[in-house]
Amino acid sequence: MKTDPTLNETLHKTLDERASHCFGCGAANQQGLHLAFVIDATHPDAPRATAHVQLTQRHEGPPGYIHGGIVATLLDEAMSKLNRPLKVLAMTRHMEIDYLRPAPLHQPLLLISRHLRREGRKLFHHAELQYPDGSVLARGKGLFIIIDERLLARAGLTQPQI
Ligand SMILES: CCCCCCCCCC(=O)SCCNC(=O)CCNC(=O)[C@H](O)C(C)(C)COP(=O)(O)OP(=O)(O)OC[C@H]1O[C@@H](n2cnc3c(N)ncnc32)[C@H](O)[C@@H]1OP(=O)(O)O
């Protein structure tokens, strides 16, 4: 049986290295958004993440504005960045979004997320896309589920013990 020649290489990379093509934040993804977050873990149980965003016509939906699916990606990515400071691996299970105003292209915007609460494996996060003056363009609430070792292995995401 033939094996994929890239498989062995993939298995020997850490999860962080394998996330380098993440569409939201991966440095190696040339088509990605390259979001760079600053994490504030002053309160370890209530971390916050912030990123500056300025998108171009590549991500256009309505003329002059960011596509709604990309807005969802921004909010999802911002919320996912709260998992590491909480010292867990977790994936988005449910997300809801209020698109309050069209989000403009070519303008500096702020992406801000915060952890709300934890109930067992369930993490409840919140995120906003804002103008620099704090007025809100879109708001998201997310349910992230903490992934245990068994599920990591099933998803092929186990970090090899070598
Ligand atoms: C891994 C590191 C990589 C991170 C990259 C970050 C990228 C940015 C974030 C993403 O976009 S991740 C990609 C999008 N997400 C996915 O692809 C996840 C796909 N879903 C799954 O793989 C599974 O559903 C998942 C592993 C998340 C959970 O599967 P489980 O079988 O472990 O969950 P389960 O069905 O038992 O639900 C867990 C709990 O949530 C509850 N739940 C589920 N849906 C709910 C809902 N909609 N509202 C409220 N509660 C809900 C459910 O009742 C249950 O509650 P209890 O623990 O109290 O019993």
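All of the numbers you see were taken from the coordinates with simple rules; none came from a lab. Given the structure is predicted, the values throughout are model-derived calculations rather than measurements. Because the Cβ atoms are built from the backbone with ideal geometry, glycine has one as well, and the counts that use them run over all protein chains shown.
Points to keep in mind about this one:
- Of the residues making up segment 52-86, those that are away from the ligand (no atom under 13 Å from the Cβ) and either under 11 Å from the mean Cα position of the chain (by Cα) or polar (S, T, N, Q) (or both) number 3.
- For His126, the stated conditions do not hold, so it cannot be described as loosely packed, with under 14 Cβ neighbours inside 10 Å, under 24 Å from Gly32 (Cβ atoms) and in contact (Cβ under 8 Å) with a residue 12 or more places away in the chain.
- Hey, Ser113 within 9 Å of the ligand (Cβ to nearest atom) and in contact (Cβ under 8 Å) with a residue 12 or more places away in the chain or not: no
- Of the residues making up segment 87-100, those that are within 20 Å of Thr50 (Cβ to Cβ) and either near the ligand (Cβ under 9 Å from one of its atoms) or free of Cβ contacts under 8 Å to residues at least 40 places away in the same chain (or both) are Lys87, Ala90, Thr92, Met95, Leu100.
- Checking the stated criteria, His125 turns out to be assigned to a strand (DSSP E or B) and within 12 Å of the ligand (Cβ to nearest atom).
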